[in-house]
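Q: Quick one: this structure, given as C-alpha cells, is what I'll be asking you about.
Every number in this text was worked out from the coordinates using simple rules, so none of it is lab data. Source: prediction; values computed, not measured. Methodologically, a virtual Cβ is constructed for each residue, glycine included, from the backbone with ideal geometry; neighbour enumeration extends over all protein chains shown.
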Amino acid sequence: MSNSNLTRRGLMKTSALAGAGLALPTIFTASSASAFTNEPTGGTVTLGFNVPQSGPYADEGADELRAYQLAVEHLNGGGDGGMMNTFSSKVLQGGGILGKKVEFVTGDTQTKSDAARASAKSMIEKDGAIMITGGSSSGVAVAVQGLCQEAGVIFMAGLTHSNDTTGKDKKANGFRHFFNAYMSAAALAPVLQKLYGSERKAYHLTADYTWGWTQEESIAAATEAMGWETVNKVRTPLAATDFSSYIAPVLNSGADVLVLNHYGGNMVNSLTNAVQFGLREKQVNGKNFEIVVPLYSRLMARGAGENVKGIHGSTNWHWSLQDDASKAFVKSFGEKYGFPPSQAAHTVYCQTLLYADAVMRAGSFNPCAVVEALEGFEFDGLGNGKTLYRADDHQCFKDVLVVRGKENPTSEFDLLEVVEVTPAAQVTYPADHPMFAGGALGNCNPGA
Amino acid sequence: MDAIILQILNGLDKGSAYALIALGLTLIFGTLGVVNFAHGALFMIGAFCAVTLQRILNISFETIDPTRTDFLGNPMKVKTTYVETWFGPEVGASIIDWAVPLAILFSIPIMIGIGFIMERGLIKHFYKRPHADQILVTFGLAIVLQEVIKFFYGANPIPTGAPDVFKGSFDFGMLLGFEANAIIYPYWRLVYFAFAAVIIGAVFSFLQFTTFGMVVRAGMADRETVGLLGINIDKRFTIMFGIAAAVAGLAGVMYAPINSPNYHMGMDFLVLSFVVVVVGGMGSLPGAVLAGFLLGILESFASMNEIKSIIPGIDQIIIYLVAIIILLTRPRGLMGRKGVMED
Amino acid sequence: MLGLNKKDLSLLLIVAFLALCAPFILNPFPSDSSLAQFNAGYPDLMQRFVIFGIFAIGFNILFGLTGYLSFGHAAFLGVGSYSAVWMFKLLSMNVVPAIVLSVIVAGLFSVVIGFVSLRRSGIYFSILTLAFAQMSFNLAYSVLTPITNGETGLQLTLDDPRILGASRTESGGIPVTNFFGLDMRDTYEMVVGPWAFQFNNGYYLCAILMLISFYLAIRIFRSPFGMMLRAIKSNNTRMTYTGLNARPYTLAAFVISGMYAGLAGGLLASMDPLAGAERMQWTASGEVVLMTILGGAGTLIGPVLGAGFIKYFENIFSKINDGVLHTWFGFMPDGLEDLVVTLVHPFVGKGWHLTLGLVFMLVVIFLPGGLVEGGQRIGRLFRRKKSGDEAKKSTQSTPAE
Amino acid sequence: MGILEVKNVNKRFGGLQALGDVNLSVAENSVHAIIGPNGAGKSTLLNVLIGKLIPDTGSVMFNGQSVLGRKPFEINQMGISRVFQTPEIFGDLTVLENMMIPIFAKRDGVFRMHAFENSENEKEIVEQAEHMLESLNMADARHDHSASMSRGNKRRLEIGMCLAQSPRLLLLDEPTAGMARADTNNTIDLLKQIKDERDITIAIIEHDMHVVFSLAERITVLAQGTPLVEDTPENIKGHPKVREAYLGEHA
C-alpha cells in the first residue's frame, strides 16, 4: 500500500488580473500550458474517491473504498487482476493508465451535497484529481456531477439510483454504471405479477425526497401497467426513525401489498416495523399480505436481520452470481478482505476500470476524449452481462437482478438469493422517456 | 375510529421513548443544573448493551464442515455457540433468544458505572461553568462516544430481535368489538410501553417516598439551603446521575428490537428530547413525561393520511410547530418553574 | 483611524494581513513533501475559512454580546444561499445582486423569527430558534422542493432563463459566477521552487467582505449599541429599570447576525452555485455555536479562529487515509510503522469526527475562554519569560546574595 | 396632592390578602419611609408601584398619570428610578460604562440604534458620567470591573446610576440590607446629601430603624397589608399602636 501523497497541483483557469500586484522574484506560471483541467504531467495520475466515511452510509462508503483500492492495485499490475481478465476490452494490461501509475486521494462526502462538493473541490484544486468517483446517494451524485461538469473533470457515479442522475440532472461529464429506479420497476414488475398475480392493491410508503419520488413513480407506473391498483402513496419524513404510525393504517386500507420506497436506515426501520406489525402473517382480500422493497442492498438487508426473509426486491449485482467475471471479482475481493463485496463495491470497481479503459482507448486523459470513448461503448465481462453505455444519457444498460431475502442463510453475507436475471432489453427505455425528461447533457467540458 | 385508536397506541409508544429520555435529561438538569448533550449517547450505549450481550451469547467456536463450501469455494466453517454447548441446544437457543430482556440486568451496572465515571470525571468540573461550556463539552463527549461505538460496531444498523414469544402482534380490535385485524399492535411495543410506565413510576416513587428522594427533591428546589443543613448533596447527585444514565440506558436496551440500533441513534433523539424537555418545562419531571406523551401522540396523528392531505408536510414539522405554540402561550413550557434557564 | 482605537486598529490590520497573505501562510509545506497533506491554501478551503468566519463573526454579535444562544442560525445561511442561487438562475451571474438579495432575504427572515423567538429568553429562546430552523430544513428537504430542489440541492441548469445574461456559454456550458466580469473561479498560480501558491478571485472577494464584516463588528462592539447589548447580557433587570427596552436591542442584534449569516450563505453560493438543504439542519446551526465557543465567545477574533479550526479539521483530517499515513511513517522500521499507523488510523480519515470531539473536550476543559485564551496564555508566558529574563539580568547585575 | 398617589389598592394572592385598601400619598420633594414587620406587604406594595404587579382594585398615580399596566422601562421614563435590595448593576461592565448607560437612556429614550458611533467618542456622555463618578468619589475606579467592587460601593454606584437620570422619584428597597455598619452610614450620608442637594422625592422601604429615623420626613407603617398610621418620625416613635404592632418586637 503505497499510494497517494498527492502533490501535483491542479489548475483551473488563470487570470492575469488576480495577484498581479504581488510581484515576487522567481515567478513562473504553469498556466495555460495544459489543455484541460489537471492534465497529468508526471509519472502518475490521481483519481479522487469521494465516499461517505461518516454518517449512516459509512459502511457502504468503506466497502466502496475497499473496491477502489483493489481496482487501483489491479490497474497498477498488482494482485490477480480481478475482472480485468474477464473484461471484454483488453487494453488494460496492469501498467497503470497510459503508462502512468495510478494514485488516489480519498474524501468524506458525509452524505451531504455541500460536504461532498467541498471534498471533491479539494481533490480537484489541491490534489490535482483528474476524475472523481463514488458516493452512496443520489443527492450527492447529482451535486458532485454538476461540480465536475463545471470544473472539467470526469465524474463516474457510485451508488445512485434516482432517475434524475441520468435524467433531468444528467451531465456530459458524468456517467452512471448503477441501475436506476425505472429499471428496478421494469425488472420487478413481471416477477411480482408471476408471484402475486395481477389483481393486487399496492400501498406505497415513500421517503420524502427526490429519489423516493422517482422510485415511487416508476414502481407505481410499472405495477399499474400489469393491472395492479395503487391504493395510496404516503410520504414519510427522511428523519423518521419509527415508522409505526405510517405502517399501522396499512392493514385497514384494503391494500394487500406494501411497497417500501426507502433506502438505508429508513429501509431497515420501515421493514422491521412492518414485520413487527405482523403484516406478513395477515390475509387481505383473501390473499397473503406481501411486502416489496424495490431497491435492495445487502449491507442494509443485514441491518434488518431476519425481517428480510422472503421479501423481494431488485439489486444491481450480487456476489453469488456464477458468471466468470463475478466469480473473479468475488475471489480477488474476498481473498483480500475476507468477505464478499457488496453491490456498491462492485459498481465502483467497474466504474474505475471503465474509466481507465476509456482513457486507454482514447489515448488521452482529456475529458472530452474520455466522454467520446465511453459514449456508446459496448462491453461484457464486468458481471452484468452485455452492457451498453448509452450515448444519449450516459446510463449503463445491463441485466438487472431480482432478489429475495433468503430463508436459511448460511452466513452473515448470505442474505439474498437471485430469483431472476432480467435481461437488459427488458429494462431499456427510450432516451426521451417522460420520467427522464427535462435535462440536457450539454457539451463535455475539459476545463482549463 | 379504529385508525384513531391505532394512532393513540402509536403515540403512547413513541411517547414512551421520548418520555424516558426526557426524564433522564431532566433528572440531570434538575439536580445538577447541567445541560447534558451526551444524554442521547447514553441511550445509544444502552441499545448497544443489548447488541453486546447478544454478541457475547453468540460467541462460538468454528468447526469445518467439508460437505459445504463458503463463497470462495473453501470448505465452510460452521459456528456453534458456547452457550448452546454448555446448556444444550434448546436451553442455549432460548438464552440467546432472550438476549434483550437479559440485557436489562446486564446494562444496569454498566450504565450506572458510566454515569458515575462521567459525573466524577467530567461533569463535576462544569457545575460552575456557563451552560454554553457544558453544552460544548458534553457535545464533544457525545461525538467521542458515538465514534467509539462506530469504530467497534460499524455504521450499519445491527438487528437485535425480541424474544420469539413477543413477535407478532396483538389484536385489540377483537377485544373492542371491531373486525379482525382492525387494530393490531405488536407485542414488543406493548411491552415497551408497559416497561416505560414501570420505570417512570419507579423513578417518581423513588423521589416521592424515600428519604434519599426527598433530599434530592429539596436539593433540586434549593441546593444551597440543603447544603447548609449539612447534607452531602454532591454524593447524592452523583448517584442521581447514575440513575439518570441507567434510565436512558434501559430505554435504549428495550428500544433495540423496535429499530435496529446504529451508532448515530443518540443524535437522532437528542434534539427531539431537548424539545420535549423544554416543552415540558425545564426542571420539571412531570412536565417532561407529559410533554413526551403529548408530542408522541401529536406526531402520530400528524402522520395520518387524512391530516396530511389537508396540510402537506405537517408530519415533518408537527413537533417543532407544537413546541413553538406551547412556548409562546406558556412562557416556561407546560410545567416549568420560573427563573430556571431563563438567562 | 477609521474610528478605531489603536489596539483595535492593529487587530484589524493583523487580520487583514493574514487574510490577504493566506495563500502563502496556509501553504507552508512544499507540494512534493509528505506534509503537503496539511496545506490548506487551495481556493475552496480558503473561501470556506473566510465565509464561515463571517458567519461566526455575525453569530458572535448576538451570542457573544447579548448572551442569547440561537440554535437556528443555519436557517439564515440556508435562505441566503437559496436566494443567491435563484438570483443566478433568474437574473444574472454577477454576484453583487445575488449577495445583496441574500442579505436582504436573510434579514427579513430573521426579523420574523427573531420577533417571535425573542419573546422568550434562555433555553426557551434557543429551542424556539431551533424549532424554526428545523422546520425550514424539513420543509426545504421535502414539501418545498419546487423552490429548493430538495435533497439534491438547488443547482444551475442549462435552461435557466437568466434575464441579464446568457443561459449557456458559447461552448454549451453553464456560465460562471463573476464580479463585473471577473470570474470567481479564476485562479492565478505562482510557482516558487517546490511551492505553488494559488490566488483565487473568489477568495479575495470573500476576504475583502470578511474584512469589512470584521471591521463593522469591531465598530458594533465598541459602540454605545454594543455596550447596551453587553448590558443586556450582564443584567437585564437593571437594563429595564434604567428605562431601556431590551427587546429592540436584542432584535436588532438578532437581525444583524442574521444578515451576516445571509451574507455568508450568499457568498457560499457565489463561490459554488449550489444550495443544499443540509445547510439549514440543526447540526449546521450547532457548528457555528461550536465555532464561536471554541474560538472564544464575546471576543473579536475568537469566532474567526474557531471557524478556521473546525473547517480545517473537516477538510484536511478527513482526507488522511492509511496510504498517507504509510508515507508519513515510512521512515520507521516496518513493524513499528504498522503499529503507529494502526494507532493513528482511528483518529484520521473516517475518524476525523472522533478527533474533533476530543479537541472540543480538551479545549473546553483546559481553555475555558476558547482558543483566544490559549493565545493569551502563550502570550503571557512569553511576556513572563521576557520579564523573567529582565529580572534575571537585574539580579545578575547586583551581586549574588 | 402628592407626586405619588396610591388609592384603595387591594391585592390578593389566592386566599391571602397581601394588600388591603392601601392609601398613600407621597409629597413632592419629601423623604417618605414605609416600614412594617415581615410579611406586612412592603414588597408587594413596591412591586405595585413599579408596575411589576397589577393590583386587583385601586389606582397608582405618579405625577397625575397612572403607572398601572406600564412596563418597567416606561415607568422609568416617567421619572421613577429604583434601587434594589441587592445592588443591581452591570457586573460585566466597567464602572464608567455602568454610569454611561443611564445617561444614554436619559438622552436617547428606550431604544436607539447607534451602532456605529464609538461610545468613547460620545464626549458629552462620558463627561457627564465622569462628573457623576467624581461626585460619588468613585472616579479612580472608573475602569474597574464593577462586579469586583465592595457591596457598599456597588450600592453607591447603583444610587448614582439612578441619580444620573435626574428622576423625580427615587424608590429604595431596603438599601442597607446586608451591609456592614460603616457602609450603612456611608449610604445614609449619601442619601442625606442627595436630599439636600437635589429636588427629588425619595420613597424608602426599610427594616433598619436607624436608617429610617436618620432620613425620613414622614413614615407610613404597614401591618398585614394595610397602613396602620402615617406621621412624622417623632410621632411614630411614640405611637402606641406602632409600638404594639412593630416596634414592640425590638423594644
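Q: As a quick test, which of the pairs B:Lys124/B:Lys235; B:Lys128/C:Lys233; A:Lys233/A:Lys406; D:Lys123/D:Lys195; B:Lys128/B:Lys235 have an alpha carbon distance above 20 angstrom in this structure?
A: Over 20 Å Cα-Cα: A:Lys233/A:Lys406; D:Lys123/D:Lys195.
Q: Between the range C:194-225 and the range A:51-106, what is the separation of their alpha carbon centroids in Å?
A: Here the answer is 42 Å between Cα centres.
Q: Averaging the inverse of every distinct alpha carbon separation and then flipping it gives the Kirkwood radius. What is it for the range D:18-87, in angstrom units?
A: 13.2 Å
Q: Please state the shape class of the range C:18-299: rounded when a/c is under 1.5, otherwise prolate if a/b exceeds b/c and oblate if not, all from the C-alpha gyration tensor.
A: oblate
Q: Percent of Cα-Cα pairs per 5 Å bin, from 0 to the last occupied bin, for the range A:179-336, please list those.
A: With 5 Å bins starting at 0, P(r) equals 2, 9, 19, 21, 21, 14, 7, 5, 3, 1, 0.
Q: B:Lys338: which aspartates and glutamates have alpha carbons under 16 Å from its alpha carbon, excluding same-chain residues fewer than 8 sequence positions away?
A: Counting by Cα, and skipping residues close in sequence, B:Lys338 has these aspartates and glutamates nearby: B:Asp222.
Q: Starting from the Cα of D:Ser135, step 7 Å toward the Cβ, then list every residue of the range D:146-166 with an amide N under 19 Å from that point.
A: So the set is D:153-166.
Q: Shifting gears a bit: Rounded to the nearest whole Å³, what is the per residue volume of the convex hull around the Cα atoms of chain A?
A: 134 Å³
Q: Something else now. Suppose each label sits 7 Å from its Cα in the direction of the beta carbon; what would the D:Asn8-B:Ile59 distance come out to in nanometres?
A: According to this spin-label approximation, the distance is 8.5 nm.
Q: Determine the shape class of the range A:100-246: with a ≥ b ≥ c the square roots of the Cα gyration tensor eigenvalues, call it rounded for a/c under 1.5, and otherwise prolate if a/b is greater than b/c, oblate otherwise.
A: Prolate shape, in that a/c is at least 1.5 and a/b is the bigger ratio.
Q: What whole number of Å gives the distance from the Cα centroid of the range A:274-319 to the Cα centroid of the range D:3-32?
A: The two parts, judged by their Cα centres, are 76 Å apart.
Q: Hey, which lysines would be in cross-link range of C:Lys385, C-alpha to C-alpha under 30 Å, not counting anything within fewer than 8 residues on its own chain?
A: C:Lys385 reaches C:Lys6, C:Lys7, C:Lys393.
Q: May I pose another question? Normalised radius of gyration for the range A:283-441, please: alpha carbon Rg relative to 2.2 N^0.38 Å, two decimal places.
A: Working it through for the range A:283-441, the quotient is 1.20.
Q: I want to check the label-to-label distance for D:Ser25 and A:Glu199. Put each point 7 Å from Cα in the C-beta direction and report it in nm to one decimal.
A: 9.7 nm
Q: Distance between Cα centroids, the range A:164-184 to the range B:130-167: provide it in whole Å.
A: 35 Å
Q: Fully extended, how many nm does the chain gain between A:Lys386 and A:Glu306 (0.36 nm per residue separation, minus their Cα-Cα distance)?
A: 25.4 nm
Q: Okay, moving on. Can you tell me the length gained on complete extension of the stretch B:Asn74 to B:Ala194, counting 0.36 nm per residue apart and subtracting the Cα distance?
A: That pair, B:Asn74 and B:Ala194, stretches by 38.3 nm at full extension.
Q: Then there's this: If you average 1/r across every pair of different Cα atoms in the range C:119-167 and take the reciprocal, what Kirkwood value do you get, in Å?
A: One over the average 1/r among Cα pairs gives 13.3 Å for the range C:119-167.
Q: I want the local charge near C:Phe254. Using Cβ-Cβ distances under 14 Å, sum +1 for each Lys or Arg and -1 for each Asp or Glu among the other residues.
A: My count for the surroundings of C:Phe254 gives +4.
Q: Sum -39500 (n - 2.57) across every DSSP H segment of at least 4 residues in chain A, then divide by the residue count to get the 222 nm mean residue ellipticity, nearest 500.
A: Helices in chain A give a 222 nm mean residue ellipticity of -10000 deg cm²/dmol.
Q: Then there's this: How big is Rg to Rh over the range D:95-166, alpha-carbon atoms, Rh as the Kirkwood inverse-mean-distance radius?
A: So for the range D:95-166, dividing Rg by the Kirkwood Rh gives 0.97.
Q: Turning to a different aspect of this structure: Please compute the Kirkwood hydrodynamic radius over chain B, one decimal place, Å, based on all pairs of different Cα atoms.
A: About 21.8 Å for chain B.
Q: Under a plain spin-label model, where a point goes 7 Å from the Cα along Cα-to-Cβ, how far apart in nm are B:Leu229 and C:Leu164?
A: With each label placed 7 Å out from Cα toward Cβ, I get 7.3 nm.
Q: Now a separate question. For an R0 of 35 angstrom, estimate the FRET efficiency from the Cβ-Cβ distance between D:Thr86 and D:Asp196 and round to the nearest 0.05.
A: In this case the efficiency is close to 0.80.
Q: Let me ask another. Return the Cα extents of the protein assembly as shown along principal axes one, two and three, sorted largest first, each rounded to a whole Å.
A: In descending order, the Cα extents are 116, 90, 76 Å.
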